[in-house]
């Protein structure tokens, strides 16, 4: 622990002198305590587990499945975090009516929940436009998880979809 060493004067002089005291502090117990605390906190700490999203990819040998126009809800991710959507499938012969919303809780989430109420098992097709950001795609996939969508797919943007976007952006 700590020691106090005193040194007494050698002889008696005319004046009594004050004793000089020197202290020596033993740091060994404090170092032991520091290592014990460090070991305790390392062993009891829980590290953040990485969160991953389950993504099911189709079999490469499988046939593409036909999707009915009544079951589909198509989302097109645009610039400025906007989501363009239409019900059914879009084609040059039968163009769809395009609507626009945002990623807010009163935007895309409301559309997805309303479509789920109308149709018990809708299929959501997610298409990323040229101006879409990676964050928009992640937000769309998060909305699929939040609204508990059972069927959704990432699909390439078609020429008919590009024409539909150009017509409605004017």
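The values are calculated or read from the model by the stated rules, or taken from the named source; none is laboratory data. All of these numbers come straight from a predicted model, not from anything done at the bench. Positions of Cβ are backbone-derived with ideal geometry, glycine not excepted, and every protein chain shown enters the neighbour counts.
Quick check: is even one residue across segment 14-21 part of a strand (DSSP E or B), in contact with a strand residue (DSSP E or B) (Cβ under 7 Å, 6 or more places away or on another chain) and either at pLDDT below 80 or surrounded by fewer than 10 Cβ atoms within 10 Å (Cβ to Cβ) (or both)?
Within segment 14-21, one or more residues are part of a strand (DSSP E or B), in contact with a strand residue (DSSP E or B) (Cβ under 7 Å, 6 or more places away or on another chain) and either at pLDDT below 80 or surrounded by fewer than 10 Cβ atoms within 10 Å (Cβ to Cβ) (or both).
If I filter segment 114-132 down to residues being farther than 18 Å from residue 158 by Cα and touching a residue at least 40 places away in the same chain (Cβ under 8 Å), which single residue comes out as farthest from the chain's Cα centre (by Cα)?
By that ranking, first place goes to 119.
Just checking, does segment 42-54 include any residue being exposed (fewer than 10 other Cβ atoms within 10 Å of the Cβ), closer than 26 Å to residue 138 by Cα and either over 39 Å from the mean Cα position of the chain (by Cα) or modelled with pLDDT under 75 (or both)? Quick ask: steps written out before the conclusion?
So the first thing to find is which residues in segment 42-54 are exposed (fewer than 10 other Cβ atoms within 10 Å of the Cβ), and the list is 42-54.
Retained after the next criterion (residues that are closer than 26 Å to residue 138 by Cα): 47-54.
The next check asks that each one be either over 39 Å from the mean Cα position of the chain (by Cα) or modelled with pLDDT under 75 (or both); those that pass are 53-54.
Within segment 42-54 (the criterion being exposed (fewer than 10 other Cβ atoms within 10 Å of the Cβ), closer than 26 Å to residue 138 by Cα and either over 39 Å from the mean Cα position of the chain (by Cα) or modelled with pLDDT under 75 (or both)), the answer is yes, since at least one residue qualifies.
Hey, can you tell me all the residues within segment 137-155 that are more than 13 Å from residue 123 (Cβ to Cβ) and in contact with a strand residue (DSSP E or B) (Cβ under 7 Å, 6 or more places away or on another chain)?
Passing the criteria: 137, 140.
Please pick out the residue among 156, 148 that is within 19 Å of the chain's Cα centre (by Cα), modelled with pLDDT of 85 or more, surrounded by fewer than 12 Cβ atoms within 10 Å (Cβ to Cβ) and assigned to a loop (DSSP other than H, G, I, E, B).
The conditions single out 148.
In segment 120-145, what residues are part of a loop (DSSP other than H, G, I, E, B) and either modelled with pLDDT of 90 or more or closer than 12 Å to residue 78 by Cα (or both)? Let's see the steps before the verdict.
Start the filter on segment 120-145 by keeping residues that are part of a loop (DSSP other than H, G, I, E, B), which leaves 120-122, 129-133.
Result: 129, 130, 131, 132, 133.
Out of 37, 73, 77, 89, report the one residue that is surrounded by 10 or more Cβ atoms within 10 Å (Cβ to Cβ), more than 30 Å from residue 163 (Cβ to Cβ) and either modelled with pLDDT of 75 or more or touching a helix residue (DSSP H, G or I) at 6+ places or on another chain (Cβ under 6 Å) (or both).
Being surrounded by 10 or more Cβ atoms within 10 Å (Cβ to Cβ), more than 30 Å from residue 163 (Cβ to Cβ) and either modelled with pLDDT of 75 or more or touching a helix residue (DSSP H, G or I) at 6+ places or on another chain (Cβ under 6 Å) (or both) holds for just one of 37, 73, 77, 89, which is 37.
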